[in-house]
Amino acid sequence: MKFLNGNVVIADPEWLDNATEGDTRLEQKDSKVLEAVEKTTAVFGLFFIDKYMLDISTELQTVYEQLQQFLSRWNQIFPWNMYYGISVDIVKTQQGMSYIVGSLCVDDNAEIEETFMVGILSQFTRELKNDKVFIRILDSEGDFLMADCFETVPEEYEYPIATNRLWLNSGHFIMIPKDIYYPSRGLTLDESI
């Protein structure tokens, strides 16, 4: 973990891996990350997924630069809670897969700033016009998107089945179907990628 523009940047992709109850990763995640994050922090992981491409570094760097440019105007004009805005960095999973991690300290203004951040990311992916970019969004309290849409999500996708199944792609939210992948449990981050 490191700080970038005053925001906590989670360099450990396991934090994006929303562990389910009964999973020992839940206790490890809680002790490793949540103690370090004292204020509510929204986090996202942006993945460039192309199963036919061996090296995505050039494409990921291009998306990173476009995202930085896109976020810079919002970080300058929007009155963010902690004044820093959304910070981003390129990191690697333990398996060596590079991705972009972003964070925003939302603290007392979580509902407004998380909603706004999701809208900004949705607009970015829509304007990017690249169907190989997938974004997973959480906060330090869990999967706030699934919690917010709890009443509209079909019963078969309730927690923990919905774990790591909701992704932002090309301006739309998509769910990884449970009837194709592990219908009785949620997915790990690696499985969902």
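Key figures for this structure:
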| item | result |
| --- | --- |
| Principal axes of the stretch 129-193: Cα extent on each, largest first, Å | 32, 25, 22 |
| Overall dimensions of the stretch 82-127 as given by Cα atoms, namely Rg and Dmax in Å | 12.7, 35 |
| Distance between modelled label sites at Phe78 and Glu111, nm, 7 Å Cα→Cβ extension | 1.7 |
| Shape category assigned to the stretch 28-137 from the gyration tensor of Cα positions, a/c cut at 1.5 | oblate |
| Ellipsoid semi-axes in whole angstrom, largest first, where each is sqrt(5λ) of the Cα gyration tensor of the stretch 54-117 | 26, 14, 8 |
| Portion, in percent, of the accessible area of the stretch 74-122 that falls on carbon or sulfur, probe 1.4 Å | 53 |
| Per-residue HN-Hα couplings for the stretch 126-141 [Karplus 6.51, -1.76, 1.60; θ = phi - 60°; Hz; x = Gly/Pro] | 5, 6, 5, 6, 9, 6, 9, 9, 10, 10, 10, 10, 9, 9, 5, 9 |
| Residue-normalised accessible area of the stretch 71-133, given per residue in Å² at a 1.4 Å probe | 51 |
| Cβ-Cβ FRET estimate between Phe173 and Glu38, R0 fixed at 30 Å, reported to 0.05 | 0.55 |
| 23 Å Cα-Cα threshold exceeded, pairs from Lys51/Lys178; Lys129/Lys178; Lys92/Lys178 | Lys129/Lys178; Lys92/Lys178 |
| Three-way shape call for the stretch 87-176 based on the alpha-carbon gyration tensor, with the a/c threshold at 1.5 | rounded |
| Environment charge at Arg73 (Cβ cut-off 15 Å; Lys +1, Arg +1, Asp -1, Glu -1) | -2 |
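The values are calculated or read from the model by the stated rules, or taken from the named source; none is laboratory data. Fair warning: this is a prediction, and the values are worked out from it, not measured in the lab. Ideal geometry is used to build each Cβ from the backbone, glycine not excepted, and the neighbour counts take in all protein chains shown. The area values use the complete protein model at the heavy-atom level, side chains included, leaving out ligands, DNA and RNA. Shrake-Rupley method; radii C 1.70, N 1.55, O 1.52, S 1.80 Å.
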